[in-house]
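Below is one structure, written out as structure tokens, with a few remarks after it.
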Amino acid sequence: MKNSSFKVFSLGIQHVLAMYAGAIIVPLIVGGALGLNAEQLTYLVSIDIFMCGLATLLQVWKNKFFGIGLPVVLGCTFTAVGPMIAIGTEYGISSVYGAILASGLFVILISTVFGKLAKFFPPVVTGSVVTIIGITLIPVAMNNMAGGQGSPDFGSISNVGLAFGVLLFIILLYRFFTGFIRSISILIGLLAGTAAAAFMGKVDIQPVYEASWFQIGKPFYFGTPTFEIAPILTMILVAIVSMVESTGVYYALGDLTKQKITKVDLAKGYRAEGVAYLLGAIFNAFPYTAYSQNVGLISLSGVKSKNVIYTAAGMLMVLGLVPKIAAFTTIIPEAVLGGAMVAMFGMVIAYGIKMLSQVEFASQENLLIIACSVGMGLGVTAVPNMFANLPESVKILTNNGIVAGSLTAIFLNILFNVVKKEKKSGIVSLGKQAS
């Protein structure tokens, strides 16, 4: 019995470690980009870790309304990083949480019919969207590698050397290790980089001393949410991409656990994510999605018990209640984060390309969809003032590269693929009637 409990506990720790770097780096990047102070950043990391655990519990606990009941771990989605930074920079942090709240309600409302809407979001659309998001994140990573925008030593040899050292270390871990070490290579890279930065005098541990030992999340910590159309549209697009990604994770876990995934199960899974979005908005955390790295860990370990995931969720919630632990993550120098960001954000682009690999490239229409949507997304990001003279109602759709690129992909997919297929099916049915 003791051995069994120890095994469950140790496997739970592995799941926490596998997703921990992803869980902490999102609040660090977003909070840093929006200029939060050390205390606010500590809260953001703490509540995010806690909510990762709570969101996971909501998904694993299967009931009549929500929860897919599979050994799935939820964490904040990287797809939301770029959009949240863009929204927070232009509209303020309250608008970020208003958009997350609205997108959570959207997910809950469409959960039962999302399967029928899937034809509007095939890999040519979702792959283009994820690729655009990854591309828009790279400038954030490069600024951090130089030491962070506005820092007095921006672009110094010490910052650039430290950032590239972290990136090289992560690459070497990937090259010479497999399995669990590879899965936590980002976390190891961040720890090693911070240790090196400490020897260089770049680490200030004062925030750790100042952080409290215990703290419960406060509703609307950053103020009452505000609602703007453009941010809401952006986060709804992010939510749709996350739902498509999660669907793949659900089916992968269904295969691993030998469980048949029904439409009802999928709807409950989507609803659990929608509820996690709402709670994230209320307690000023983030949108949550199923983490694929934990599926890899289940595949490697061969242990498919939900008890392990319950244990991991409990650990995350306990860690989230201790701000002093979260404060350790806020002392990571920006150059160290930048080195890890290049690998992580590059993986977002690579994942987008992987999604696009499912596309039929022999079709010139699909090539044009990808070309125009990625081109539009990157173009608007690089030249944001291009549409400055358009009416405000139109600028809602053109001011943000992710929104502009995503809407281009959706529109062109409807034009070239959805309408074309419907016409073909109509012609076939007419032919059958005539015969």
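The values are calculated or read from the model by the stated rules, or taken from the named source; none is laboratory data. Small disclaimer: the values here were computed from a predicted structure and weren't measured. As a convention, Cβ positions derive from the backbone with ideal geometry for all residues, glycine included, and neighbour counts pool all protein chains shown. Areas reflect the complete protein model, heavy atoms only, side chains present, ligands, DNA and RNA absent. Shrake-Rupley method; radii C 1.70, N 1.55, O 1.52, S 1.80 Å.
Numbers below:
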quantity: Cβ-based charge dipole, the range 154-279, positive-most Cα from TYR250, ILE157, THR194; calculated: TYR250
quantity: Cβ-Cβ FRET estimate between PHE199 and TYR251, R0 fixed at 30 Å, reported to 0.05; calculated: 0.05
quantity: At R0 = 41 Å, FRET efficiency that the Cβ-Cβ distance of ASN63 and PHE214 yields, to 0.05; calculated: 0.85
quantity: Relative contact order (%) - the chain, alpha-carbon pairs under 8 angstrom, separation at least six; calculated: 34
quantity: Percent carbon-and-sulfur accessible area, the chain, ignoring ligands, DNA and RNA, probe 1.4 Å; calculated: 68
quantity: Relative contact order %, the range 1-78, counting alpha carbon pairs below 8 Å whose residues are six or more apart; calculated: 26
quantity: Among ALA196, ALA409, ALA335: highest mean-square fluctuation, GNM of the chain, C-alpha pairs under 10 Å; calculated: ALA196
quantity: Vicinal HN-Hα couplings computed from phi for the range 145-161 (Karplus, 6.51 cos²θ - 1.76 cosθ + 1.60; Hz; Gly/Pro x); calculated: 4, 7, x, x, 4, x, 6, x, 9, 4, x, 5, 4, 5, 5, 5, x
quantity: Viscosity 0.692 mPa s, 37 °C: Kirkwood-radius Stokes-Einstein D of the range 128-247 over Cα pairs, µm²/s; calculated: 180
quantity: Förster radius 35 Å - calculated FRET efficiency between PHE387 and SER363, Cβ distance, rounded to 0.05; calculated: 0.70
quantity: Residue of ASN284, ASN385, ASN159 that the Gaussian network model of the chain assigns the largest fluctuation, springs spanning Cα pairs under 10 Å; calculated: ASN385
quantity: Nearest-20 debye value, the chain charge dipole, Cβ charges on Lys, Arg, Asp, Glu; calculated: 1740
quantity: For the chain, built as a Gaussian network whose Cα springs stay under 10 Å, the top-fluctuating residue of LYS62, LYS268, LYS116; calculated: LYS116
quantity: Rounded Å value of the spacing that divides the Cα centres of the range 4-80 and the range 92-150; calculated: 18
quantity: Per residue accessible area in Å² of the chain, where ligands, DNA and RNA are left out and the probe is 1.4 Å; calculated: 44
